[in-house]
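The numbers here are math on the coordinates, done by the rules we state, and not lab data. Predicted model, so just to flag it, every value in this text is computed and none were measured. Glycine gets a Cβ as well: all are built from the backbone with ideal geometry, and neighbour counts include every protein chain shown.
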Amino acid sequence: MKNNIQDIIDNDLCISCGACIHTCPENNLEMFFNEEKGMHEPRALNSHLCGKCDCLNVCPSYSVDYSKLSVERFGRKPDSPLGNIDKIFLAQNKDKEINSKASSGGVIKAVLTHLFSTGEINAVISIKHKAGLDYSPELIENINEINELPGSIYHNIDYSNALRLLRETSGNIAIAAIPCQFDGLYKFIEQCEPDLKNKIKFTIGLMCGWTYSHHSLRAICKYKNIDFDQIDDVSYRGNGPVGKLIIKTKDGSVKKVNRRIDLHYAAAFDRSFNLPRCHYCINHGNFLADLVVGDAWLPCTVKTKTGISLVISRTEKSTKYLMELEAQGILTLVESTEDDVIESQTPRVVFGNYSYPFAELTGNSGRLAPQLSGPNREAATPVSNKVLEKFGKHIEIKRKMQKAGNYNKLLIYKYTHEFRPFLYRYIRWFFVRILKIKSITGSRKEMSSEKSGRFL
Ligand SMILES: Cc1cc2nc3c(=O)[nH]c(=O)nc-3n(C[C@H](O)[C@H](O)[C@H](O)COP(=O)(O)OP(=O)(O)OC[C@H]3O[C@@H](n4cnc5c(N)ncnc54)[C@H](O)[C@@H]3O)c2cc1C
């Protein structure tokens, strides 16, 4: 056992939060892009890691106790398997232009703008586009920049700059981030610099199923005949609830890919392209953020042409901001339920039905698995080892194909070995979302059409 960050790298468990590089007293760690893995990860500058600093202790791929961190964040134990909850809403920005650019309902930008204009914050740390596929956390000090921030970026990005910005900036800061990025920040704060938390005035978290290595984009480029090396920018969402993957290349051409019904998209963005750490994640609902925003994938919203957000407000303060935005006519807000969160995100994702037993299985086989524990642990219904072994085997085979650049072989493999589960997804979608079978059989209560009809 090396007992330093090399253990994480060797086991492909990094999530590129970059917390570790800020712990090294000798500045011996840097982030670099690993072409073979298609992701950013740390490496030692002088090929030797000492193991004397906190690099492993701050790593969210080593261990996270979300219930403990939640108590530190919110001053009380989580009240539900979904974490600390004050209220749950469906919400939407009433400004059609902002809504159509947003990934779901345009709530994040409304809240950030509100915090700036009321003087609650003087800066935001959020990702911004640099060049090509590079997105990086940057400091936003001008309110006018908020609406120019990107929508959801699903491919792996280097998040290490966020901690540097937090340390160097004084004042009241808001941060928008996906769960594992907050995990890295809060583990670093807990282990190394507790005073940093005083600078964070508000956190907006995105719900996150999983992120993808850059192999996804390489694969879709191969399938759609696009020159990967010429990519100028990508966007995954916008213009409605689902949106299209849009790839712009340096010669000015634009390729749009349907994200719902396209066999190439489904192959290039299948679960084997996720960062391996995502398969162990139990924190899809962003336990540590004040306000959490995701997609309202519900029967009552299935026919809307605009994006609607599912929002978990974890504190009274964040509920107050939402109410203020509703009173100002900026947001449409309809109170929702935990059941809607579970239906929208699926129980498997919300409770970690795969992730908890997958970590156990990996650990039992002698390999390193993240030790993650959260308020959803008791509610999880672990899937069987047989299912997990099959899942793990398919992923291993497809990852080897990715590393060798055999994306066409992967496409054939997917549809010859996994056509049934692929089809099942669409059948389930049709029965649950369109036919509303759960509501008809009384296993869940649908939001009334009077309430859901308030959205654009
Ligand atoms: C990798 C990923 C996976 C997701 N998975 C799910 C899911 O499984 N279920 C679900 O309901 N929702 C998921 N989401 C969230 C959802 O896609 C929308 O991003 C969210 O609802 C946005 O709401 P909005 O319209 O208010 O924000 P927008 O107006 O679209 O603003 C997005 C904000 O998030 C920031 N941002 C975007 N991507 C990243 C990133 N990679 N890292 C850090 N900050 C980022 C932007 O800078 C911007 O401030 C995911 C998002 C991401 C990035």
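With all pairs of different alpha carbon atoms counted, what Kirkwood hydrodynamic radius in Å does the chain show?
Values: mean 1/r = 0.0442 Å⁻¹.
Evaluated over the chain, this radius sits at 22.6 Å.
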**Request:** Multiply the residue separation of HIS417 and ARG367 by 0.36 nm, subtract the distance between their alpha-carbon atoms, and state the gained length in nm to one decimal.
**Result:** 15.4 nm
**Rounded to 5, percent antiparallel among DSSP beta bridges of the chain** = 70 percent
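Around SER126, what is the net charge, scoring Lys/Arg as +1 and Asp/Glu as -1 over all other residues with Cβ under 12 Å from its Cβ?
Around SER126, the charge tally is -2.
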**Of the trypsin sites (Lys or Arg not before Pro) in segment 276-310, those whose Cβ has at most 13 other Cβ within 10 Å and which sit in DSSP loop** = LYS303, LYS305
**Cβ-based exposure ranking for SER67, SER344, in which fewest neighbours within 10 Å come first** = SER67, SER344
**Fill in**
The answer for trypsin sites (Lys or Arg not before Pro) in segment 1-109 that fall in a DSSP coil and have at most 15 neighbouring Cβ atoms within 10 Å is LYS2, LYS52, ARG76
**Request:** Work out the charge dipole of the chain with +1 on the Cβ of Lys and Arg and -1 on the Cβ of Asp and Glu about the Cα centre, then indicate which of VAL334, ILE200, CYS300 is farthest towards its positive end.
**Result:** CYS300
**Message:** Let me confirm the definition first: pairs of Lys residues in segment 190-272, 8 or more apart or on different chains, C-alpha distance under 29 Å. How many are there?
**Reply:** 13
**Asked** Loop-only check: which trypsin sites (Lys or Arg not before Pro) in segment 199-273 are DSSP coil with at most 13 other Cβ within 10 angstrom?
**Response** LYS250, ARG260
**Prompt:** Just how large is the dipole of segment 249-341 about the Cα centre, in debye to the nearest 20, putting +1 at every Lys and Arg Cβ and -1 at every Asp and Glu Cβ?
**Reply:** 560 debye
**Message:** To make sure I understand, if each residue's beta carbon is the centre and we count other beta carbons within 10 Å, what order do SER336, SER449, SER253 fall in, fewest to most?
**Reply:** SER449, SER253, SER336
**Request:** Might you report the magnitude of the Cβ-based charge dipole of the chain about its Cα centre, with Lys and Arg at +1 and Asp and Glu at -1, to the nearest 20 debye?
**Result:** 1780 debye
**Request:** State the extension gain, in nm to one decimal, for the chain segment bounded by ASN3 and GLU168, taking 0.36 nm per residue of separation less the distance between their alpha-carbons.
**Result:** 56.5 nm
